[in-house]
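Data block below; observations after.
The values are calculated or read from the model by the stated rules, or taken from the named source; none is laboratory data. A quick note: this is a predicted structure, and the numbers were derived from the prediction, not measured. Heads up, the Cβs are rebuilt from the backbone with ideal geometry, glycines too, and the neighbour counts pull from every protein chain shown. Ligands, DNA and RNA are stripped out before the accessible areas are found, and what is left, the full protein with its side chains, is counted by its heavy atoms. Shrake-Rupley method; radii C 1.70, N 1.55, O 1.52, S 1.80 Å.
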Amino acid sequence: MKKRYIALRIMGTIYKVLGIIIGLVTILAVIGTIGISIIGGTTMQGLSQQFGAYTSNAGIFGSALGGLLLSLFTLLYGSFVAVSFLAVGEGIYLLIAIGENTHKSVALLQAKATDNNIAG
């Protein structure tokens with residue numbers, strides 16, 4: 001049987017691939033955000049000690065907490081966008097399947113009606 005809805009198949013595949021790419025970029029962004037926040041807090045504490053400013057461990061913990069909150073937000077938002085793209089791609093494939101099944105049902109009903117007319 002001839003494949004129908006070529007453009008829709010391409011669009012569904014593009015949405016699925018974009019969803020996977022967005023998911024991977026989200027994971028990398030979360031790891032990077034956590035790493036940069038911890039390194040940044042340590043660096044800022046070292047600089048403040050070097051220049052004789054008042055220091056405490058709040059710099060490290062504050063930046064780590066801020067990085068953790070930012071990475072949590074990034075993870076939630078990126079996951080939502082990635083799953084949305086995957087869902088749109090799957091929805092397109094669902095519509096294609098419904099159209100193909102409808103087309104097959106009509107062909108079977110027409111064939112059955114033709115057989116009943118010949119036998120009758």
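Scan the stretch 89-99 and give yes if some residue there is charged (D, E, K, R), under 30 Å from residue 31 (Cβ atoms) and part of a helix (DSSP H, G or I), otherwise no. Yes, there is a match, as at least one residue in the stretch 89-99 is charged (D, E, K, R), under 30 Å from residue 31 (Cβ atoms) and part of a helix (DSSP H, G or I). Of all the listed residues (74, 114), the sole one being in contact (Cβ under 8 Å) with a residue 24 or more places away in the chain and of a type in the set (Ser, Thr, Tyr) is 74.
This table checks each residue for (1) open to solvent by 90 Å² or more (accessible area, probe 1.4 Å); (2) at pLDDT 95 or above; (3) in contact with a Leu (Cβ under 8 Å, 6 or more places away or on another chain).
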| position | (1), (2), (3) |
| --- | --- |
| 22 | no, yes, no |
| 40 | no, no, no |
| 50 | yes, no, no |
| 64 | no, no, no |
| 67 | no, no, no |
| 103 | no, no, no |
